[in-house]
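Working notes for the structure below.
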Amino acid sequence: MKFGIIGAGMIARFHAQAINAMEEGTLHSVYARDAAKAESFAEEFGCKAYTDFETFLADQELEVVTIATPSGAHLEPALAAAKAGKHIACEKPLEVTTERVDEMIAAADAHGVKLAGIFNRRFSPAVAAIKQAAEQKRFGTLALAEASIKWYRDQAYYDSGAWRGTWKLDGGGALMNQGIHTVDQLIYIAGPIKRLSASMATLAHEGIEVEDTAVAVLEFENGARGVIQASTACFSKTGHPAEVQLCGDQGSAFLTDESFRVWDFAEEQEEDAEILSTLMQGADQGLGANDPTAINFYGHQRTFEDLVTAIQNDTVPAVDGHEARKAVAVIRAIYESAQNGGKWVEL
């Protein structure tokens, strides 16, 4: 299938690399308002360049668009793409409020196109392993579930773009921008959250509207308790890995980026030996923790491949609009609680 990218920045480059690595996808075009950026991107990745959005969408060969614009600028191109009959893969978060996400979902449904959210870490073998363990009830009674994102962004990062650190276009800070992947993993694996209480602050950065540090106490629908903690004020020379930790009375697993720091169950199973030999903590430590470019494009490629399969078979993408909405809903609830003195918010 032929893909077109909306945007020509850092994230768009991951999209291009992932598309070019696919067997059933080719990079057809790119759209950017800046002609120099569009032409440079097109020359590098071997595709057409567009600076007029309507002309970009009117291209009859174009079948799928990927959206790589700032977070609060996803809705408008998604609505236009859906109206033009193009399938959509959109970067995280789908949008910065659940109301805007719902508009995207409704538009995709109304025009009969597929909408996929890009949560690239969902496709790692380690996430598949811990998800399977949870579904098999290997943790027993789940007691604690935690998401921890102790990352670092210097002041120059926030100063590099006027949209960074704004509620309108970034949608939030350490949670909505950096932490959302790990929040998504937590609720995907541990299950939905019933209610939460939160606190947040801007401690180490200037000139931004949003939080650089946040903590939430969670109560899950299955009875477990938990914590989400996220910050872009945690310095490390190498970068702290993001973690999802699950602990129950029959087992514990600590997911560390795309591998495990702990994999320990009362009742061992055959697949444990392979997990212990191939998926334990290694060279992936701190992916994106200090440098947002320090990630691989494997998860993006798998997202796009999954979307192509859904289009061909008329099925639902693994991370469709409804699934991608869940992390936004949790983060918005954290913001609501923190902005109201830590009041408990029901989800």
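We did not get these values from a lab; they are worked out from the coordinates using the rules stated. This is a predicted model, so every value here is computed, not measured. Backbone-built Cβ (ideal geometry, glycine too); neighbour counts: all protein chains shown.
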Open item on the list: Just to be sure I understand: with springs between alpha-carbon atoms less than 10 Å apart, which residue in 161, 226, 46 has the highest mean-square fluctuation in the Gaussian network model of the chain?
Closed with: 161
Task: Size of electric dipole in the range 77-163: Cβ of Lys, Arg +1 and of Asp, Glu -1, about Cα centre, debye, nearest 20 - done: 440 debye
- [ ] Provide the per-residue ³J(HN,Hα) series for the range 176-187, in order, calculated from phi with Karplus coefficients 6.51, -1.76, 1.60 and θ = phi - 60°, each as a whole number of Hz, with x at glycine and proline positions.
- [x] 5, 8, 7, x, 5, 4, 6, 4, 4, 4, 4, 6
Task: In the range 142-214, the GluC sites (Glu not before Pro) that fall in loop regions by DSSP, at most 15 other Cβ within 10 Å - done: 206, 209
Open item on the list: For the chain, set up a GNM with springs between Cα atoms under 10 Å and report which of 313, 20, 222 has the largest fluctuation.
Closed with: 313
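For the chain, what is the mean residue ellipticity at 222 nm derived from helices alone (per DSSP H run of n ≥ 4: -39500 (n - 2.57); sum divided by total residues; nearest 500 deg cm²/dmol)?
Working: 11 runs with 121 residues, N = 347.
About -10500 deg cm²/dmol.
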TODO: Using Cα centres only, tell me the gap between the range 73-127 and the range 188-226 in whole Å.
DONE: 24 Å
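Determine, for 26, 182, the number of other Cβ atoms within 10 Å of each Cβ, and report the residues in order from fewest to most.
On the way: 26 15, 182 25.
Listing 26, 182 from fewest to most nearby Cβ atoms yields 26, 182.
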Task: Partner aspartates and glutamates for residue 168 [C-alpha distance under 18 Å; skip if fewer than 8 residues away on the same chain] - done: 76, 91, 95, 99, 102, 103, 159, 206, 209, 211, 212, 336
Task: Around residue 311: net Lys/Arg minus Asp/Glu count, Cβ-Cβ under 9 Å - done: -1
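If Lys and Arg each add +1 and Asp and Glu each add -1, what is the summed charge of the other residues whose beta carbon sits under 14 Å from the beta carbon of residue 22? Could you put the intermediate results ahead of the total?
On the way: positive: 2, 302; negative: 23, 24, 63, 305, 306.
That sum, taken over residues with Cβ under 14 Å, equals -3.
Which of the chymotrypsin sites (Phe, Trp or Tyr not before Pro) found in the range 171-257 are in a DSSP loop and have at most 16 neighbouring Cβ atoms, other than their own, within 10 Å? Mind dumping the intermediate values first?
Values: sites: 188, 220, 235, 254; in loops: 235.
Sites meeting the loop and neighbour criteria: 235.
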Task: HN-Hα J in Hz across the range 66-83 - Karplus 6.51, -1.76, 1.60, θ = phi - 60°, x for Gly and Pro - done: 10, 10, 10, 8, x, 3, x, 10, 8, 4, 4, x, 5, 4, 5, 5, 4, 4
Task: Around residue 218: net Lys/Arg minus Asp/Glu count, Cβ-Cβ under 13 Å - done: -1
Open item on the list: Charges at C-beta only: +1 for Lys and Arg, -1 for Asp and Glu. How large is the resulting dipole of the range 124-266 about its Cα centre, in Debye rounded to 20?
Closed with: 260 debye
Task: Neighbour-count order for 249, 257, fewest beta carbons within 10 angstrom listed first - done: 249, 257
TODO: Report relative contact order for the range 192-333 in percent, whole number only (criteria: Cα-Cα under 8 Å, sequence separation at least 6).
DONE: 14 percent
TODO: For the chain, set up a Gaussian network in which alpha carbons nearer than 10 Å are linked by springs, and say which option among 213, 238, 303 fluctuates the most.
DONE: 238
Open item on the list: Compute, for the chain, the length of the dipole vector about the Cα centre, with Cβ point charges of +1 (Lys, Arg) and -1 (Asp, Glu) only. Units Debye, rounded to 20.
Closed with: 620 debye
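Within the chain, which is the longest segment that contains none of the trypsin sites (Lys or Arg not before Pro) sitting in a DSSP loop with at most 16 other Cβ atoms within 10 Å? Please report the intermediate quantities before stating the final value.
Working: sites that count: 33, 137, 168, 237, 343.
Longest stretch, sites excluded: 238-342.
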